[in-house]
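Have a look at the structure below, then the notes.
The values are calculated or read from the model by the stated rules, or taken from the named source; none is laboratory data. Values in this document were obtained by computation on a predicted structure and should not be read as measured data. Please note: Cβ atoms are built from the backbone with ideal geometry, for glycine as well, and neighbour counts cover all protein chains shown. Each accessible area value is taken on the protein alone, full model and side chains, heavy atoms only, with ligands, DNA and RNA left out. Shrake-Rupley method; radii C 1.70, N 1.55, O 1.52, S 1.80 Å.
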Amino acid sequence: MQNPNNMQQRIEQFAGQVVTDLAAAMAGVMTNLGHKLGLYRTMAESGPINSDELARRTTTNERSVREWLNGQVAGGYVVFDPSTNQYTLPPEHAFVLANADSPIFLPPAFDVAASLWHDEDQILAAFRSGRGVGWHEHNCRLFSGTEAFFRNGYRAHLTQTWIPALSGVQEQLEKGGCVADLGCGHGASVILMAQAFPKSKFVGIDYHESSIIEARERAKQAGVADRVRFEVGTPRALVNSKEKFDLVCFMDSLHDMGDPLDAVSASGQAMAPEGTLMLVEPFAKDRSEENVGPVARMYYSASVGFCTQNALSQGGRYSLGAQAGATQLLGILKKGGFRSARVVMETPFNLILEARP
């Protein structure tokens, strides 16, 4: 017979865990406000500051700012000195919250969480119908938030470590190669590669027309539109292309696709004889019981609301989900016609795989 005192203890502990989650969900909005109002950035630039001065510098209401600051102190984001009545954003916190060029600049990702709440009714209906929810059916904050979440990581790693880890690919692109990025979204990864390899040509493909329109505009702004084109389509469109590609990339996109096997097969058919496929996917271990902790929980949540739903909306032949793991991903690559496939790198957020036809 269970000890009722122990049971009560466990209930209280778990209730505390749920309250912590509830506090984080509500505080996420506060983090987004801090980002969009420039509060974090101003604190990073100013050092210790009181609420009056922070409000003045950001053209905001002091009473609202003071309440926001106290909430930031409660959450451990900001430090308060009662002797001076000043608040400080520690430099290590500023790197995450205020430095827009940091590889772990996280505030824009809260727009992704916001889109989950916005689309809750659609996701509820999809659970019952099994028909999924297409990427294009979500609130627009998903598109901008997803790009912002991944872009700085790509900026820090894509051309500096991931591509150099692939066999012979960097050398090919430096000489002048042809690259396709499938599921390119707003084109962040394509543009970064085009900037790093000016002798190469690039094409980004995505079925979401609004994202392609945005990607074209961003390529113009980055000054690479002469070497980059963006097209509305599916991976199968590569097969009919006149080019043969030296590198085909899936940047956090394969698990969103309704038929990842066909996408992989199409990319192999469109490759040059010595071409390479680079697959970047969310980090995961092979067994679901091993995928625990904040990062796995975040990815599973995104997968339930966005990734798996998009795959189901397209027929869901595999519906990999955002925590597929290396073994399943390697299996898809082999089934798709690639004679060799391997994991070349792991990061806290990503798996990077290489495959050859």
Checklist entry - Does S241 fit the bill of being buried (at least 23 other Cβ atoms within 10 Å of the Cβ), closer than 29 Å to E171 by Cβ and not hydrophobic (A, V, I, L, M, F, W, C)? => result no
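Filter segment 320-349 down to the residues that are in a loop (DSSP other than H, G, I, E, B) and without any contact (Cβ under 8 Å) to a residue 60 or more places away in the chain, then identify the one that is most open to solvent (accessible area, probe 1.4 Å).
Initially, segment 320-349 is screened for residues in a loop (DSSP other than H, G, I, E, B), giving 320-325, 336-339, 347-349.
Add one more test, that the residue is without any contact (Cβ under 8 Å) to a residue 60 or more places away in the chain, and what stays is 323, 325, 339.
Values: Q323: 20, G325: 1, R339: 163 Å².
Among residues in segment 320-349 that are in a loop (DSSP other than H, G, I, E, B) and without any contact (Cβ under 8 Å) to a residue 60 or more places away in the chain, the one most open to solvent (accessible area, probe 1.4 Å) is R339.
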Next on the checklist: On the basis of being outside any helix (DSSP H, G or I), free of Cβ contacts under 8 Å to residues at least 12 places away in the same chain and hydrophobic (A, V, I, L, M, F, W, C), does F95 make the cut?
Outcome noted: no
Checklist entry - Does F306 qualify as being within 18 Å of S267 (Cα to Cα) and either assigned to a helix (DSSP H, G or I) or of a type outside the set (K, R) (or both)? => result no
Next on the checklist: Checking the structure you have, find out if any residue of segment 136-145 is among the hydroxyl-bearing types (S, T, Y), surrounded by fewer than 20 Cβ atoms within 10 Å (Cβ to Cβ) and at pLDDT below 95.
Outcome noted: yes
Checklist entry - How about segment 249-267: which of its residues are touching a Cys at 6+ places or on another chain (Cβ under 9 Å), assigned to a strand (DSSP E or B) and not aliphatic (A, V, I, L, M)? => result C249
Checklist entry - Can you tell me which residue in segment 106-135 is surrounded by the fewest Cβ atoms within 10 Å (Cβ to Cβ), limited to those that are of a type in the set (A, V, I, L, M) and within 13 Å of the chain's Cα centre (by Cα)? => result L106
Checklist outcome for this item: Scanning segment 77-105 for residues that are in contact with a Leu (Cβ under 9 Å, 6 or more places away or on another chain) and open to solvent by less than 60 Å² (accessible area, probe 1.4 Å), the one farthest from F150 (Cα to Cα) turns out to be Y87
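Could you check how many residues of segment 150-192 are in contact with a Cys (Cβ under 8 Å, 6 or more places away or on another chain) and not β-branched (V, I, T)?
4
What residue, of E274, E289, E281, is among the charged types (D, E, K, R), open to solvent by 50 Å² or more (accessible area, probe 1.4 Å) and within 27 Å of A113 (Cβ to Cβ)?
After ruling out the rest, the residue left standing is E289.
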Checklist entry - Restricting attention to segment 31-44, does a residue exist that is assigned to a loop (DSSP other than H, G, I, E, B) and not acidic (D, E)? => result yes
